[in-house]
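**Q** Structure provided below as structure tokens; questions to follow.
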Amino acid sequence: MSEKGKEAGIAVTAEELARINRFAKKELRAEEVYTFAVKLCDNEVDRDFERFDRAALEKLSELFVGRTGIFDHSWSAGGQTARIYRTEVIEEETRTTAGDKYCWCKGWAYMLRSEQTEPLIAQIEAGIKKEVSVGCAISRSVCSICGQEDGRCSHRKGQKYDGQLCYFTLEEPTDAYEWSFVAVPAQPAAGVIKSKRYGGQEPAPKDDGQIWRDKALLELEQNRF
């Protein structure tokens, strides 16, 4: 598997099919599904100078089972295209910027084979649809310099203090919302991005009847990694 993309076209064994059928309303056959693996997130410091710790990855691994795959973090049922049916945290011998062993959350996803999904499957196989991003909620973001939670110290992400890089460690996930096919990676080594950006155009306001959705989207945007 390329650590920057997906492991596509996995053989659908009886064991894999049994895992998939836990989420299906009817008993699916192997020829009806297409499966692939994604690198959801890792513990390296990313371009926003944030990282998950190992415990957060273990928890996210649990939370992402059953979560849907969409496009560009657009919360629309029409965009649902795949679902994670199992996960695992993989540990490697290399070290991260923080000094611990590099590890990452691997997810196995399935989608139905149909005329509608064949173009997407072809794009996955060709390496066109490659990067993914996750949306989740995190309880704590801790400064690497002083150990204080985000907002309680004056240290700035990406700055060095006495030669030590400032980044924030994301801890104690409480929810996994979704994972998305996206375009531009923020975690280059993992091939995983997040949609949180600075200096971009603000989304257009919605009407009063959708205030609940505004709040939900705001929470997602503040906690997407």
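**Q** Taking the range 6-27, which residues are among the hydrophobic types (A, V, I, L, M, F, W, C), in contact (Cβ under 8 Å) with a residue 60 or more places away in the chain and either out of contact with any helix residue (DSSP H, G or I) (no Cβ under 6 Å at 6 or more places or on another chain) or exposed (fewer than 14 other Cβ atoms within 10 Å of the Cβ) (or both)?
**A** The answer is Ile10, Ile20, Phe23.
**Q** Further, regarding this structure: With the condition kept exactly as written, say whether any residue in the range 89-99 is in contact with a Leu (Cβ under 7 Å, 6 or more places away or on another chain), modelled with pLDDT of 95 or more and surrounded by 14 or more Cβ atoms within 10 Å (Cβ to Cβ).
**A** Within the range 89-99, one or more residues are in contact with a Leu (Cβ under 7 Å, 6 or more places away or on another chain), modelled with pLDDT of 95 or more and surrounded by 14 or more Cβ atoms within 10 Å (Cβ to Cβ).
**Q** So, one more: Kindly indicate which of Thr96, Thr117 is at negative phi, among the polar types (S, T, N, Q) and touching an Asp or Glu at 6+ places or on another chain (Cβ under 8 Å).
**A** Thr96
**Q** How many of the residues making up the range 147-170 are out of contact with any strand residue (DSSP E or B) (no Cβ under 9 Å at 6 or more places or on another chain) and either surrounded by 14 or more Cβ atoms within 10 Å (Cβ to Cβ) or part of a loop (DSSP other than H, G, I, E, B) (or both)?
**A** Going through the range 147-170 one residue at a time, the tally reaches 6.
**Q** Please work out which residue is modelled with the lowest pLDDT, limiting yourself to the range 1-19 and to residues that are more than 25 Å from Cys103 (Cα to Cα) and β-branched (Val, Ile, Thr).
**A** Val12
**Q** Report whether or not Leu63 is over 18 Å from Cys143 (Cβ atoms) and free of Cβ contacts under 8 Å to residues at least 60 places away in the same chain.
**A** No: the conditions fail for Leu63.
**Q** Checking Leu57 against (1) touching a helix residue (DSSP H, G or I) at 6+ places or on another chain (Cβ under 9 Å); (2) surrounded by 15 or more Cβ atoms within 10 Å (Cβ to Cβ); (3) not in a strand (DSSP E or B), which single condition isn't satisfied?
**A** (1)
**Q** Among the residues of the range 102-153, how many are of a type in the set (Asp, Glu) and under 19 Å from the mean Cα position of the chain (by Cα)?
**A** So the answer is 1.
**Q** Here is a follow-up. Test Glu91 against the stated conditions and say whether it is over 14 Å from the mean Cα position of the chain (by Cα) and of a type outside the set (Lys, Arg).
**A** It is true that Glu91 is over 14 Å from the mean Cα position of the chain (by Cα) and of a type outside the set (Lys, Arg).
The values are calculated or read from the model by the stated rules, or taken from the named source; none is laboratory data. Since this is a predicted model, take the numbers as computed values, not measurements. Note that we place each Cβ from the backbone using ideal geometry, even for glycine, and neighbour counts take in every protein chain shown.
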